[in-house]
There are 2 protein chains.
Amino acid sequence: MRAVIFDLDGTLVDTVYGHTLAWQQVLAEAGLPIEGWKVHRLIGMSGGLLTQAASHEIGRPISKAEEQRLGKRHGVLYKKLMPERRPLPGALDLLKHLRKAKIKHGVATSGRRKDAKKSLDALHLPARTVIVDRDDVERAKPEPDLFLACQSRLGVKPEECYVIGDAVWDLLAARRAGMLGIGLLSGGYGQEELYQAGAYRVYSNPAELLDSIYQLGLRAS
Amino acid sequence: MRAVIFDLDGTLVDTVYGHTLAWQQVLAEAGLPIEGWKVHRLIGMSGGLLTQAASHEIGRPISKAEEQRLGKRHGVLYKKLMPERRPLPGALDLLKHLRKAKIKHGVATSGRRKDAKKSLDALHLPARTVIVDRDDVERAKPEPDLFLACQSRLGVKPEECYVIGDAVWDLLAARRAGMLGIGLLSGGYGQEELYQAGAYRVYSNPAELLDSIYQLGLRAS
(Lines give C-alpha, C1' and ligand atoms only; values in the text may rest on other atoms or scores of the structure.)
Protein backbone atom coordinates (compact mmCIF):
# COMPACT_ATOMS: atom_id res chain seq x y z
CA MET A 1 0.00 0.00 0.00
CA ARG A 2 1.39 3.36 -1.01
CA ALA A 3 -1.02 6.08 0.08
CA VAL A 4 -3.44 7.23 2.76
CA ILE A 5 -6.47 9.42 2.08
CA PHE A 6 -8.04 11.03 5.13
CA ASP A 7 -11.53 12.23 5.74
CA LEU A 8 -11.47 15.48 7.79
CA ASP A 9 -14.39 15.87 10.28
CA GLY A 10 -14.36 13.18 12.98
CA THR A 11 -11.18 11.68 11.51
CA LEU A 12 -8.53 14.40 11.94
CA VAL A 13 -10.53 17.08 13.80
CA ASP A 14 -13.03 16.62 16.61
CA THR A 15 -16.02 18.33 15.05
CA VAL A 16 -18.79 15.74 14.56
CA TYR A 17 -20.84 16.71 17.62
CA GLY A 18 -20.77 20.39 16.65
CA HIS A 19 -21.88 19.53 13.11
CA THR A 20 -24.64 17.28 14.44
CA LEU A 21 -26.15 19.84 16.78
CA ALA A 22 -25.84 22.60 14.15
CA TRP A 23 -27.61 20.53 11.50
CA GLN A 24 -30.28 19.41 13.93
CA GLN A 25 -31.06 23.01 14.83
CA VAL A 26 -30.98 24.21 11.19
CA LEU A 27 -33.34 21.42 10.12
CA ALA A 28 -35.71 22.00 13.06
CA GLU A 29 -35.88 25.73 12.25
CA ALA A 30 -36.83 24.76 8.69
CA GLY A 31 -39.68 22.52 9.84
CA LEU A 32 -37.65 19.32 9.41
CA PRO A 33 -37.30 18.10 13.01
CA ILE A 34 -34.96 15.08 12.83
CA GLU A 35 -33.72 13.07 15.81
CA GLY A 36 -30.14 13.86 16.85
CA TRP A 37 -28.86 10.31 16.34
CA LYS A 38 -30.25 10.24 12.81
CA VAL A 39 -28.52 13.53 11.98
CA HIS A 40 -25.32 12.14 13.51
CA ARG A 41 -25.45 9.15 11.16
CA LEU A 42 -25.78 11.50 8.14
CA ILE A 43 -22.68 13.59 8.91
CA GLY A 44 -19.97 13.06 6.30
CA MET A 45 -22.34 13.26 3.35
CA SER A 46 -22.45 16.56 1.48
CA GLY A 47 -24.83 19.10 3.01
CA GLY A 48 -27.07 18.74 -0.04
CA LEU A 49 -27.48 14.99 0.38
CA LEU A 50 -27.96 15.41 4.14
CA THR A 51 -30.83 17.86 3.70
CA GLN A 52 -32.37 15.62 1.02
CA ALA A 53 -32.18 12.65 3.43
CA ALA A 54 -33.84 14.76 6.13
CA SER A 55 -36.56 15.85 3.73
CA HIS A 56 -37.18 12.21 2.79
CA GLU A 57 -37.37 11.26 6.48
CA ILE A 58 -39.98 13.95 7.23
CA GLY A 59 -41.78 13.47 3.92
CA ARG A 60 -41.59 17.13 2.86
CA PRO A 61 -39.81 17.85 -0.43
CA ILE A 62 -37.37 20.77 -0.38
CA SER A 63 -36.20 22.86 -3.30
CA LYS A 64 -32.61 23.28 -4.48
CA ALA A 65 -32.77 26.91 -3.30
CA GLU A 66 -33.90 25.91 0.20
CA GLU A 67 -31.18 23.23 0.29
CA GLN A 68 -28.57 25.89 -0.41
CA ARG A 69 -30.05 28.29 2.14
CA LEU A 70 -29.94 25.56 4.81
CA GLY A 71 -26.32 24.76 3.93
CA LYS A 72 -25.38 28.42 4.46
CA ARG A 73 -27.31 28.61 7.73
CA HIS A 74 -25.47 25.47 8.91
CA GLY A 75 -22.14 27.14 8.23
CA VAL A 76 -23.15 30.09 10.44
CA LEU A 77 -24.59 28.02 13.31
CA TYR A 78 -21.69 25.55 13.26
CA LYS A 79 -19.16 28.35 13.70
CA LYS A 80 -21.19 29.67 16.63
CA LEU A 81 -21.54 26.28 18.35
CA MET A 82 -17.94 25.23 17.72
CA PRO A 83 -15.72 28.31 17.51
CA GLU A 84 -12.57 26.25 18.09
CA ARG A 85 -11.43 23.29 16.03
CA ARG A 86 -9.42 20.74 17.94
CA PRO A 87 -7.27 18.13 16.16
CA LEU A 88 -8.05 14.61 17.41
CA PRO A 89 -5.38 12.96 19.60
CA GLY A 90 -2.49 11.81 17.43
CA ALA A 91 -3.67 13.62 14.28
CA LEU A 92 -0.70 16.01 14.09
CA ASP A 93 1.80 13.25 14.96
CA LEU A 94 0.32 10.87 12.41
CA LEU A 95 0.56 13.46 9.64
CA LYS A 96 4.11 14.30 10.71
CA HIS A 97 5.03 10.61 10.64
CA LEU A 98 3.67 10.21 7.10
CA ARG A 99 5.62 13.25 5.89
CA LYS A 100 8.82 12.03 7.53
CA ALA A 101 8.40 8.47 6.20
CA LYS A 102 7.57 9.90 2.75
CA ILE A 103 4.28 8.03 2.56
CA LYS A 104 1.89 9.76 0.17
CA HIS A 105 -1.24 11.14 1.79
CA GLY A 106 -4.03 13.65 1.29
CA VAL A 107 -7.30 14.92 2.74
CA ALA A 108 -10.70 14.50 1.04
CA THR A 109 -13.67 16.19 2.68
CA SER A 110 -17.37 16.55 1.81
CA GLY A 111 -17.23 20.07 3.25
CA ARG A 112 -16.84 23.21 1.19
CA ARG A 113 -13.38 24.80 1.34
CA LYS A 114 -14.78 27.88 3.08
CA ASP A 115 -16.33 25.77 5.88
CA ALA A 116 -13.38 23.38 6.17
CA LYS A 117 -10.68 26.06 6.24
CA LYS A 118 -10.55 26.50 10.01
CA SER A 119 -10.29 22.74 10.58
CA LEU A 120 -7.55 22.41 7.96
CA ASP A 121 -5.68 25.33 9.57
CA ALA A 122 -5.71 23.47 12.91
CA LEU A 123 -3.74 20.63 11.26
CA HIS A 124 -0.77 22.85 10.23
CA LEU A 125 -0.45 21.13 6.86
CA PRO A 126 2.40 22.17 4.57
CA ALA A 127 1.20 24.08 1.50
CA ARG A 128 2.06 21.16 -0.77
CA THR A 129 -0.44 18.81 0.93
CA VAL A 130 -3.06 17.38 -1.44
CA ILE A 131 -6.52 18.54 -0.28
CA VAL A 132 -9.73 17.81 -2.15
CA ASP A 133 -13.04 19.31 -1.07
CA ARG A 134 -16.69 19.64 -2.10
CA ASP A 135 -15.86 22.48 -4.49
CA ASP A 136 -13.45 20.27 -6.48
CA VAL A 137 -15.93 17.56 -7.51
CA GLU A 138 -19.44 17.31 -8.82
CA ARG A 139 -20.65 14.78 -6.25
CA ALA A 140 -19.49 14.34 -2.64
CA LYS A 141 -19.50 11.16 -0.51
CA PRO A 142 -20.83 8.53 -0.59
CA GLU A 143 -19.95 8.90 -4.30
CA PRO A 144 -16.30 7.95 -4.86
CA ASP A 145 -15.39 11.19 -6.67
CA LEU A 146 -13.54 12.89 -3.78
CA PHE A 147 -11.31 9.89 -3.11
CA LEU A 148 -10.63 9.30 -6.80
CA ALA A 149 -9.68 12.95 -7.31
CA CYS A 150 -7.32 12.76 -4.33
CA GLN A 151 -5.75 9.48 -5.51
CA SER A 152 -5.25 10.86 -8.99
CA ARG A 153 -3.47 13.93 -7.60
CA LEU A 154 -1.31 11.69 -5.40
CA GLY A 155 -0.27 9.75 -8.52
CA VAL A 156 -1.04 6.26 -7.18
CA LYS A 157 -3.54 3.57 -8.15
CA PRO A 158 -6.85 3.21 -6.26
CA GLU A 159 -5.94 -0.28 -5.02
CA GLU A 160 -2.79 1.14 -3.41
CA CYS A 161 -4.81 3.56 -1.23
CA TYR A 162 -6.24 3.34 2.26
CA VAL A 163 -9.15 5.59 3.11
CA ILE A 164 -9.30 6.60 6.79
CA GLY A 165 -12.73 7.74 7.92
CA ASP A 166 -15.14 7.79 10.85
CA ALA A 167 -18.43 7.41 8.95
CA VAL A 168 -20.04 4.60 6.97
CA TRP A 169 -20.15 7.09 4.06
CA ASP A 170 -16.35 7.09 3.92
CA LEU A 171 -16.31 3.30 3.85
CA LEU A 172 -19.01 3.11 1.18
CA ALA A 173 -17.21 5.67 -1.00
CA ALA A 174 -13.90 3.82 -0.44
CA ARG A 175 -15.39 0.55 -1.65
CA ARG A 176 -16.88 2.23 -4.69
CA ALA A 177 -13.46 3.74 -5.44
CA GLY A 178 -11.76 0.34 -5.16
CA MET A 179 -9.84 1.35 -2.02
CA LEU A 180 -9.48 -0.25 1.42
CA GLY A 181 -11.35 1.53 4.21
CA ILE A 182 -10.17 1.93 7.79
CA GLY A 183 -12.62 3.12 10.42
CA LEU A 184 -12.03 5.41 13.40
CA LEU A 185 -14.35 5.49 16.41
CA SER A 186 -13.62 9.20 16.88
CA GLY A 187 -16.74 10.21 14.94
CA GLY A 188 -19.00 8.36 17.37
CA TYR A 189 -20.06 5.32 15.32
CA GLY A 190 -19.91 1.94 17.04
CA GLN A 191 -17.12 -0.42 16.04
CA GLU A 192 -19.47 -3.00 14.49
CA GLU A 193 -21.21 -0.39 12.36
CA LEU A 194 -17.84 0.41 10.77
CA TYR A 195 -16.84 -3.23 10.27
CA GLN A 196 -20.24 -4.01 8.79
CA ALA A 197 -19.78 -1.15 6.34
CA GLY A 198 -16.56 -2.80 5.16
CA ALA A 199 -13.75 -1.44 7.33
CA TYR A 200 -10.61 -3.56 7.07
CA ARG A 201 -9.53 -2.36 10.53
CA VAL A 202 -11.05 -0.08 13.17
CA TYR A 203 -8.98 2.08 15.52
CA SER A 204 -10.12 4.48 18.26
CA ASN A 205 -8.54 7.62 16.85
CA PRO A 206 -5.47 8.82 14.91
CA ALA A 207 -3.23 8.13 17.93
CA GLU A 208 -4.14 4.43 17.98
CA LEU A 209 -3.75 4.24 14.21
CA LEU A 210 -0.25 5.69 14.50
CA ASP A 211 0.64 3.17 17.23
CA SER A 212 -0.55 0.36 14.95
CA ILE A 213 0.69 1.68 11.63
CA TYR A 214 3.03 -1.30 11.15
CA GLN A 215 -0.17 -3.37 10.63
CA LEU A 216 -0.92 -1.51 7.40
CA GLY A 217 2.07 -2.40 5.25
CA LEU A 218 2.56 1.12 3.94
CA ARG A 219 5.66 1.95 1.95
CA ALA A 220 7.32 5.18 0.89
CA SER A 221 7.36 6.42 -2.68
CA MET B 1 -43.63 -8.43 33.11
CA ARG B 2 -45.50 -5.77 35.02
CA ALA B 3 -43.58 -2.49 34.82
CA VAL B 4 -41.44 -0.27 32.63
CA ILE B 5 -38.77 2.08 33.98
CA PHE B 6 -37.55 4.73 31.57
CA ASP B 7 -34.30 6.60 31.40
CA LEU B 8 -34.92 10.24 30.37
CA ASP B 9 -32.16 11.77 28.19
CA GLY B 10 -31.84 10.01 24.82
CA THR B 11 -34.70 7.68 25.71
CA LEU B 12 -37.75 9.95 26.04
CA VAL B 13 -36.26 13.33 25.07
CA ASP B 14 -33.79 14.11 22.30
CA THR B 15 -31.05 15.74 24.36
CA VAL B 16 -27.91 13.59 24.14
CA TYR B 17 -26.11 15.69 21.55
CA GLY B 18 -26.73 18.88 23.53
CA HIS B 19 -25.42 17.22 26.70
CA THR B 20 -22.38 15.92 24.83
CA LEU B 21 -21.34 19.26 23.36
CA ALA B 22 -22.01 21.06 26.66
CA TRP B 23 -19.88 18.60 28.66
CA GLN B 24 -17.12 18.67 26.06
CA GLN B 25 -16.94 22.46 26.26
CA VAL B 26 -17.11 22.53 30.07
CA LEU B 27 -14.33 19.97 30.36
CA ALA B 28 -12.15 21.71 27.77
CA GLU B 29 -12.55 25.04 29.61
CA ALA B 30 -11.38 23.26 32.77
CA GLY B 31 -8.24 21.92 31.09
CA LEU B 32 -9.71 18.45 30.54
CA PRO B 33 -9.95 18.27 26.73
CA ILE B 34 -11.79 15.01 25.98
CA GLU B 35 -12.76 13.75 22.53
CA GLY B 36 -16.45 14.25 21.67
CA TRP B 37 -17.14 10.55 21.10
CA LYS B 38 -15.68 9.68 24.50
CA VAL B 39 -17.88 12.29 26.20
CA HIS B 40 -20.87 10.91 24.25
CA ARG B 41 -20.20 7.43 25.65
CA LEU B 42 -20.18 8.83 29.22
CA ILE B 43 -23.59 10.55 29.02
CA GLY B 44 -26.13 8.87 31.30
CA MET B 45 -23.75 8.58 34.25
CA SER B 46 -24.11 11.18 36.98
CA GLY B 47 -22.21 14.40 36.31
CA GLY B 48 -19.86 13.54 39.16
CA LEU B 49 -18.87 10.18 37.69
CA LEU B 50 -18.55 11.73 34.24
CA THR B 51 -16.09 14.36 35.43
CA GLN B 52 -14.16 11.72 37.38
CA ALA B 53 -13.94 9.58 34.21
CA ALA B 54 -12.70 12.60 32.27
CA SER B 55 -10.12 13.37 34.94
CA HIS B 56 -8.92 9.76 34.79
CA GLU B 57 -8.67 9.96 30.99
CA ILE B 58 -6.54 13.12 31.12
CA GLY B 59 -4.62 12.00 34.20
CA ARG B 60 -5.33 15.11 36.25
CA PRO B 61 -7.13 14.58 39.58
CA ILE B 62 -9.99 16.96 40.32
CA SER B 63 -11.41 17.93 43.69
CA LYS B 64 -14.99 17.41 44.86
CA ALA B 65 -15.44 21.20 44.78
CA GLU B 66 -14.24 21.43 41.17
CA GLU B 67 -16.50 18.51 40.25
CA GLN B 68 -19.50 20.41 41.61
CA ARG B 69 -18.47 23.63 39.90
CA LEU B 70 -18.21 21.81 36.55
CA GLY B 71 -21.64 20.25 37.08
CA LYS B 72 -23.16 23.70 37.59
CA ARG B 73 -21.35 25.11 34.57
CA HIS B 74 -22.69 22.20 32.50
CA GLY B 75 -26.25 23.07 33.54
CA VAL B 76 -25.76 26.64 32.30
CA LEU B 77 -24.09 25.74 29.00
CA TYR B 78 -26.54 22.93 28.27
CA LYS B 79 -29.50 25.31 28.59
CA LYS B 80 -27.77 27.72 26.22
CA LEU B 81 -26.94 25.06 23.60
CA MET B 82 -30.32 23.31 23.81
CA PRO B 83 -32.98 25.82 24.85
CA GLU B 84 -35.79 23.54 23.63
CA ARG B 85 -36.40 19.97 24.73
CA ARG B 86 -38.02 17.80 22.12
CA PRO B 87 -39.67 14.48 23.02
CA LEU B 88 -38.39 11.66 20.83
CA PRO B 89 -40.82 10.30 18.20
CA GLY B 90 -43.45 8.13 19.87
CA ALA B 91 -42.50 9.10 23.45
CA LEU B 92 -45.78 10.84 24.24
CA ASP B 93 -47.84 8.10 22.56
CA LEU B 94 -45.94 5.35 24.35
CA LEU B 95 -46.53 6.97 27.76
CA LYS B 96 -50.20 7.51 26.88
CA HIS B 97 -50.51 3.86 25.87
CA LEU B 98 -49.04 2.67 29.18
CA ARG B 99 -51.39 4.88 31.15
CA LYS B 100 -54.42 3.70 29.16
CA ALA B 101 -53.40 0.04 29.42
CA LYS B 102 -52.74 0.52 33.16
CA ILE B 103 -49.18 -0.79 32.87
CA LYS B 104 -47.04 0.54 35.71
CA HIS B 105 -44.19 2.81 34.64
CA GLY B 106 -41.83 5.46 35.91
CA VAL B 107 -38.83 7.60 34.96
CA ALA B 108 -35.37 7.25 36.56
CA THR B 109 -32.75 9.80 35.52
CA SER B 110 -29.14 10.45 36.55
CA GLY B 111 -29.87 14.18 36.19
CA ARG B 112 -30.70 16.50 39.06
CA ARG B 113 -34.37 17.50 39.29
CA LYS B 114 -33.50 21.13 38.52
CA ASP B 115 -31.70 20.18 35.29
CA ALA B 116 -34.24 17.54 34.24
CA LYS B 117 -37.34 19.66 34.89
CA LYS B 118 -37.63 21.15 31.41
CA SER B 119 -37.30 17.72 29.77
CA LEU B 120 -39.89 16.21 32.11
CA ASP B 121 -42.24 19.13 31.37
CA ALA B 122 -41.98 18.35 27.65
CA LEU B 123 -43.45 14.88 28.35
CA HIS B 124 -46.71 16.22 29.91
CA LEU B 125 -46.66 13.58 32.63
CA PRO B 126 -49.59 13.45 35.07
CA ALA B 127 -48.64 14.57 38.59
CA ARG B 128 -48.98 11.01 39.90
CA THR B 129 -46.17 9.68 37.66
CA VAL B 130 -43.31 8.06 39.56
CA ILE B 131 -40.11 10.02 38.87
CA VAL B 132 -36.77 9.30 40.53
CA ASP B 133 -33.77 11.57 40.00
CA ARG B 134 -30.19 12.17 41.17
CA ASP B 135 -31.41 14.02 44.26
CA ASP B 136 -33.39 10.96 45.47
CA VAL B 137 -30.48 8.53 45.73
CA GLU B 138 -26.96 8.45 46.99
CA ARG B 139 -25.42 6.98 43.84
CA ALA B 140 -26.58 7.44 40.22
CA LYS B 141 -26.12 5.04 37.26
CA PRO B 142 -24.40 2.72 36.62
CA GLU B 143 -25.24 1.88 40.25
CA PRO B 144 -28.67 0.23 40.43
CA ASP B 145 -30.04 2.65 43.07
CA LEU B 146 -32.19 4.79 40.76
CA PHE B 147 -33.94 1.79 39.20
CA LEU B 148 -34.44 0.07 42.56
CA ALA B 149 -35.94 3.22 44.07
CA CYS B 150 -38.31 3.53 41.10
CA GLN B 151 -39.30 -0.16 41.24
CA SER B 152 -39.93 0.07 44.97
CA ARG B 153 -42.22 3.09 44.49
CA LEU B 154 -44.06 1.25 41.68
CA GLY B 155 -44.69 -1.64 44.08
CA VAL B 156 -43.41 -4.42 41.81
CA LYS B 157 -40.49 -6.86 42.01
CA PRO B 158 -37.19 -6.12 40.18
CA GLU B 159 -37.59 -9.21 37.97
CA GLU B 160 -40.96 -7.89 36.77
CA CYS B 161 -39.39 -4.66 35.43
CA TYR B 162 -38.05 -3.65 32.07
CA VAL B 163 -35.55 -0.81 31.97
CA ILE B 164 -35.65 1.23 28.73
CA GLY B 165 -32.46 3.17 28.06
CA ASP B 166 -30.16 4.45 25.32
CA ALA B 167 -26.81 4.05 27.11
CA VAL B 168 -24.75 1.08 28.22
CA TRP B 169 -24.95 2.61 31.74
CA ASP B 170 -28.70 1.98 31.79
CA LEU B 171 -28.14 -1.63 30.75
CA LEU B 172 -25.38 -2.15 33.31
CA ALA B 173 -27.51 -0.66 36.11
CA ALA B 174 -30.50 -2.76 34.97
CA ARG B 175 -28.48 -5.97 35.21
CA ARG B 176 -27.20 -5.02 38.63
CA ALA B 177 -30.80 -4.34 39.71
CA GLY B 178 -31.94 -7.74 38.42
CA MET B 179 -34.07 -6.19 35.66
CA LEU B 180 -34.27 -6.77 31.91
CA GLY B 181 -32.77 -3.98 29.79
CA ILE B 182 -34.08 -2.77 26.45
CA GLY B 183 -31.90 -0.50 24.33
CA LEU B 184 -32.92 2.42 22.13
CA LEU B 185 -30.71 3.74 19.31
CA SER B 186 -32.03 7.27 19.92
CA GLY B 187 -29.07 8.17 22.14
CA GLY B 188 -26.59 7.46 19.33
CA TYR B 189 -25.03 4.17 20.44
CA GLY B 190 -24.68 1.45 17.81
CA GLN B 191 -27.04 -1.53 18.03
CA GLU B 192 -24.27 -4.03 18.82
CA GLU B 193 -22.92 -1.90 21.66
CA LEU B 194 -26.34 -2.13 23.33
CA TYR B 195 -26.74 -5.87 22.73
CA GLN B 196 -23.22 -6.49 24.01
CA ALA B 197 -24.07 -4.58 27.18
CA GLY B 198 -26.96 -6.99 27.74
CA ALA B 199 -30.00 -5.52 25.99
CA TYR B 200 -32.76 -8.09 25.57
CA ARG B 201 -34.09 -6.13 22.57
CA VAL B 202 -33.01 -2.99 20.74
CA TYR B 203 -35.45 -0.58 19.06
CA SER B 204 -34.78 2.64 17.15
CA ASN B 205 -36.80 4.97 19.36
CA PRO B 206 -39.97 5.04 21.51
CA ALA B 207 -42.14 4.92 18.36
CA GLU B 208 -40.66 1.58 17.27
CA LEU B 209 -40.91 0.25 20.82
CA LEU B 210 -44.63 1.14 20.88
CA ASP B 211 -45.16 -0.58 17.50
CA SER B 212 -43.50 -3.72 18.91
CA ILE B 213 -44.85 -3.62 22.45
CA TYR B 214 -46.68 -6.94 21.99
CA GLN B 215 -43.18 -8.52 21.97
CA LEU B 216 -42.66 -7.59 25.60
CA GLY B 217 -45.43 -9.53 27.34
CA LEU B 218 -46.44 -6.64 29.59
CA ARG B 219 -49.57 -6.91 31.67
CA ALA B 220 -51.72 -4.44 33.59
CA SER B 221 -51.83 -4.29 37.35
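The values are calculated or read from the model by the stated rules, or taken from the named source; none is laboratory data. The shown structure was predicted, so the numbers you read here are calculated from the model rather than taken from an experiment. As a convention, Cβ positions derive from the backbone with ideal geometry for all residues, glycine included, and neighbour counts pool all protein chains shown. Heads up: the accessible areas ignore ligands, DNA and RNA and are worked out on the full protein's heavy atoms, side chains in. Shrake-Rupley method; radii C 1.70, N 1.55, O 1.52, S 1.80 Å.
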> Residues of segment A:1-39 being charged (D, E, K, R) and within 19 Å of B:H19 (Cβ to Cβ), which ones?
Replying inline: A:D14, A:E35, A:K38
>> Can you tell me which residue is nearest to B:P144 (Cα to Cα) among those in segment B:1-34 that are of a type in the set (D, E) and surrounded by 24 or more Cβ atoms within 10 Å (Cβ to Cβ)?
In response: B:D7
> Does at least one position in segment A:45-65 carry a residue that is small (G, A, S), over 29 Å from B:L88 (Cβ atoms), assigned to a loop (DSSP other than H, G, I, E, B) and open to solvent by less than 60 Å² (accessible area, probe 1.4 Å)?
Replying inline: no
> Only one of B:L185, B:L154 is more than 10 Å from every other protein chain (Cβ to nearest Cβ) and either open to solvent by 10 Å² or more (accessible area, probe 1.4 Å) or not charged (D, E, K, R) (or both); which?
Replying inline: B:L154
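Condition check: among the small types (G, A, S), in contact with a strand residue (DSSP E or B) (Cβ under 9 Å, 6 or more places away or on another chain) and crowded, with 19+ Cβ neighbours inside 10 Å. Does B:G178 satisfy that?
Here the answer is no, as B:G178 does not meet what is asked.
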> When you scan segment B:24-37, how many residues do you find that are at the interface with chain A (Cβ under 10 Å from one of its Cβ atoms), touching a helix residue (DSSP H, G or I) at 6+ places or on another chain (Cβ under 7 Å) and in a helix (DSSP H, G or I)?
Replying inline: 4
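Taking segment B:199-210 as the search range and keeping residues that are free of Cβ contacts under 8 Å to residues at least 60 places away in the same chain and either open to solvent by 30 Å² or more (accessible area, probe 1.4 Å) or at the interface with another protein chain (Cβ under 10 Å from one of its Cβ atoms) (or both), which one is nearest to A:G36 (Cα to Cα)?
B:S204
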>> Being touching a Pro at 6+ places or on another chain (Cβ under 7 Å), within 10 Å of chain A (Cβ to nearest Cβ) and in contact (Cβ under 8 Å) with a residue 60 or more places away in the chain is true for just one of B:L12, B:L88, B:L94, B:L81. Which residue is that?
In response: B:L88
> In segment A:103-111, is there at least one residue being away from chain B (no Cβ under 14 Å), open to solvent by less than 10 Å² (accessible area, probe 1.4 Å), over 20 Å from B:A28 (Cβ atoms) and assigned to a loop (DSSP other than H, G, I, E, B)?
Replying inline: yes
